[in-house]
1. Select, from A:GLU58, A:GLU106, the only residue that is farther than 30 Å from B:ALA190 by Cβ and of a type in the set (D, E, K, R).
2. What's the total number of residues in the range A:174-192 that are over 20 Å from A:MET92 (Cβ atoms) and touching a residue at least 24 places away in the same chain (Cβ under 8 Å)?
3. Do we find a residue being in a helix (DSSP H, G or I) and under 18 Å from B:MET235 (Cβ atoms) anywhere in the range B:187-197?
4. For the range A:172-187, enumerate the residues that are away from chain B (no Cβ under 12 Å) and either open to solvent by less than 20 Å² (accessible area, probe 1.4 Å) or within 11 Å of B:GLY271 (Cβ to Cβ) (or both).
5. Can you list the strands (runs of 3 or more DSSP E) lying wholly within the range B:84-167 that have 3 or more residues being touching a Lys or Arg at 6+ places or on another chain (Cβ under 7 Å) and at pLDDT below 90?
6. If I ask for residues that are small (Gly, Ala, Ser) and either in a loop (DSSP other than H, G, I, E, B) or in contact with a Gly (Cβ under 7 Å, 6 or more places away or on another chain) (or both), which ones from the range A:220-259 would you list?
7. Out of A:ALA112, A:ALA133, report the one residue that is touching a residue at least 12 places away in the same chain (Cβ under 8 Å), aliphatic (A, V, I, L, M) and on the phi > 0 side of the Ramachandran plot.
8. Please determine whether any residue of the range A:173-195 is within 16 Å of ligand 2 (Cβ to nearest atom) and assigned to a strand (DSSP E or B).
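The values are calculated or read from the model by the stated rules, or taken from the named source; none is laboratory data. Since the model is a prediction, treat every value here as computed from it, not as a measurement. Positions of Cβ are generated from backbone atoms using ideal geometry, with glycine treated the same way; all protein chains shown enter the neighbour counts. Accessible surface areas use protein heavy atoms only, side chains included; no ligands, DNA or RNA. Shrake-Rupley method; radii C 1.70, N 1.55, O 1.52, S 1.80 Å.
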Amino acid sequence: MQNSTYAIETKDLAIFYGAFQAVGNVNLEIEHHKITAIIGPSGCGKSTVLRAFNRMNELIPSVSTKGVVLFNGHNIYERDVDPVEVRRHVGMVFQKPNPFPKSIYENIAWGARINGYTGNMDELVESALRGAALWDEVHDKLDQSGTSLSGGQQQRLCIARAIAVKPDIILMDEPCSALDPIATLRIEELMYDLAREYTIIIVTHNMQQAARVSDYTAFFSLSEDGKRTGQLMEYGDTKTIFTNPGRKITEDYITGRFG
Amino acid sequence: MAIPTPPVAPLRRRTRIHEVIIQGLLFLCGLISIFVTTGIIYELSKEAYLFFGYQQWLPAHKPLVADIAPEQTLFEVGTQGPALEVGSHYRIGDEIMLLEAVDGALVQMQRGAQQTEPIAHRAGLTLSREVNPNLLEFLTGTAWEPHNGRFGILPLLNSTLIVSSIAILVALPLGLATAIYLSEYATPTARSRLKPILEILAGVPTVVYGFFALTFMTPLLRAIFGSGVVEIYNMASAGIVVGILILPFVSTVSEDALSAVPRSLREAAYGLGATRLETAIQIVLPAAFSGIAAAVILAASRAIGETMVVAIAAGAGPNFTFNPFKAAETMTGHIARISGGDLSYDSLDYNSIFAVGLMLFLMTLVLNIISQRIVRRFREVYE
Ligand SMILES: Nc1ncnc2c1ncn2[C@@H]1O[C@H](COP(=O)(O)OP(=O)(O)OP(=O)(O)O)[C@@H](O)[C@H]1O
Ligand SMILES: [Mg+2]
């Protein structure tokens, strides 16, 4: 499917909640098989942008989206595009672990099944759990409820669930914010491994995390005209953004002198 | 430089009189509901105990052929009516006798049984036979004929269960579909239009539903299945209408349960590429299972207790049949009819309806306990 240069490319993306413009003018190119971090102050529209990449925003009735989001070169906001199909290719891991109240096994098998997977389910469950570095901890209790796991395990279960449907891109919205440092570290290591097969976009408030794991960093902030519209301030490879940012506002945010 | 000490805040406990009053009132309300429940159970049990605990007398249609003396044990009686049973007690006036042998019209009685005084009786007086309703017969008997001393609950219970099952078969799919539509599909405007309609449905007096069953549902059923098949009074029509009656109950409680499923769970499903239907049926519905099951069970106990519709449309007179197109009185219908007529206090009929009432109470109690169990067992806790 990698027939285009970028995994995701946005052109003049603008998203509104009713009349309120949450973000505007977003032009962003996301590389295949890289980890891209989205950082910025609270309320600047990071989640909103991330959810635009798999048309998750439209679950909220008031949302309208303008501009173009190209996934592998196809505009996913074209009229004949089915959001269900988009989400099969662009998976998502949420801020708070949200396993289904089903068994660990079913948590993973369900997504694959609704996506028409007909192969060996046991193998798929095992490989997804191994891929999410969870197999060793849960292989002997696959029939236990997914909600009985610890927070960090639940989040890895959610990652396993996402990779079991074999998406091209995995979106992660602050996946470690509910986790302790050790669980966070495990997820970060996991992201490294996953980047070999998947394109990963992660929203994070943790500067060290962004610096540690990402190849590219996009910095969003509120526009200075007082309208509270989020804007892409700076985008580039992580090293440059963190060591030699092009704008003062980026530097202030990264060094904690923001606001 | 001396730092002035801030004034010490008074930490003494203050009596907040309105809090005390409100707390007292709330406690009182709780107490009253407990008293009322206890009172109901007491009254039901007492009368039901009278029913099971007491010997009752029914006419045996056996008149004395000739006068009998106090010490006479062998005498002749009429032969109509059900046969006499050896070992049973019979009664003439104030005297109770024990039947020791019977040969055609000739009976041999032990006189003055159960500490009664043997006395002379005139010809033409008729024997009463004893009826001892017992729990086993009550629970397993297939005929409810109080005038014959037969008190088997099964015909009443059976029709109650048939009517309630039909009601649930109607209310469960319709109520659940409504709830899923309202919680997962409906736009806010559609929801704001539909919910008041459901509330109107819930507010219709049950007597109106009863006549709706009789004048609309029954003719409809007769038109579909033929008037030879469907009796004018029948359980199916009553059941369907009771189903409509409990539908708002099922749908609103189920909708609450569905709406209580956190959005994050739906997002997880959509994020995996699930359609709306897959999400609603396979994720949201099971997650709301405990609430929905509780709703259905409570609706079932409402259906079991529903009286007006069945009294009007299901037919009068117990009938042990599994054919829903036949007339058969339910437990509630029977109680309503019997207590509506002029009943003498402390008669067998009177006591019998308390036994039926206690049975109803126990059934709904069991259903309530089951629903609580389900809620506790299957509830998913979302913080
Ligand atoms: N469902 C919604 N309805 C209306 N406005 C919303 C909704 N969700 C977000 N917004 C608004 O859109 C703007 C961007 O929100 P968003 O959640 O994308 O910010 P964020 O950068 O992810 O913030 P955080 O770092 O706190 O998660 C905010 O002003 C927010 O109030
Ligand atoms: Mg956010």
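1. A:GLU106
2. Adding up the residues that qualify gives 3.
3. Taking every residue of the range B:187-197 in turn, none turns out to be in a helix (DSSP H, G or I) and under 18 Å from B:MET235 (Cβ atoms).
4. A:PRO175, A:CYS176, A:ALA183, A:THR184, A:ILE187
5. B:126-131
6. A:SER221, A:SER223, A:GLY226, A:GLY230, A:GLY246, A:GLY256, A:GLY259 - these are the residues of the range A:220-259 that are small (Gly, Ala, Ser) and either in a loop (DSSP other than H, G, I, E, B) or in contact with a Gly (Cβ under 7 Å, 6 or more places away or on another chain) (or both).
7. Exactly one of A:ALA112, A:ALA133 is touching a residue at least 12 places away in the same chain (Cβ under 8 Å), aliphatic (A, V, I, L, M) and on the phi > 0 side of the Ramachandran plot, namely A:ALA133.
8. Looking for residues that are within 16 Å of ligand 2 (Cβ to nearest atom) and assigned to a strand (DSSP E or B), one finds at least one in the range A:173-195, hence yes.
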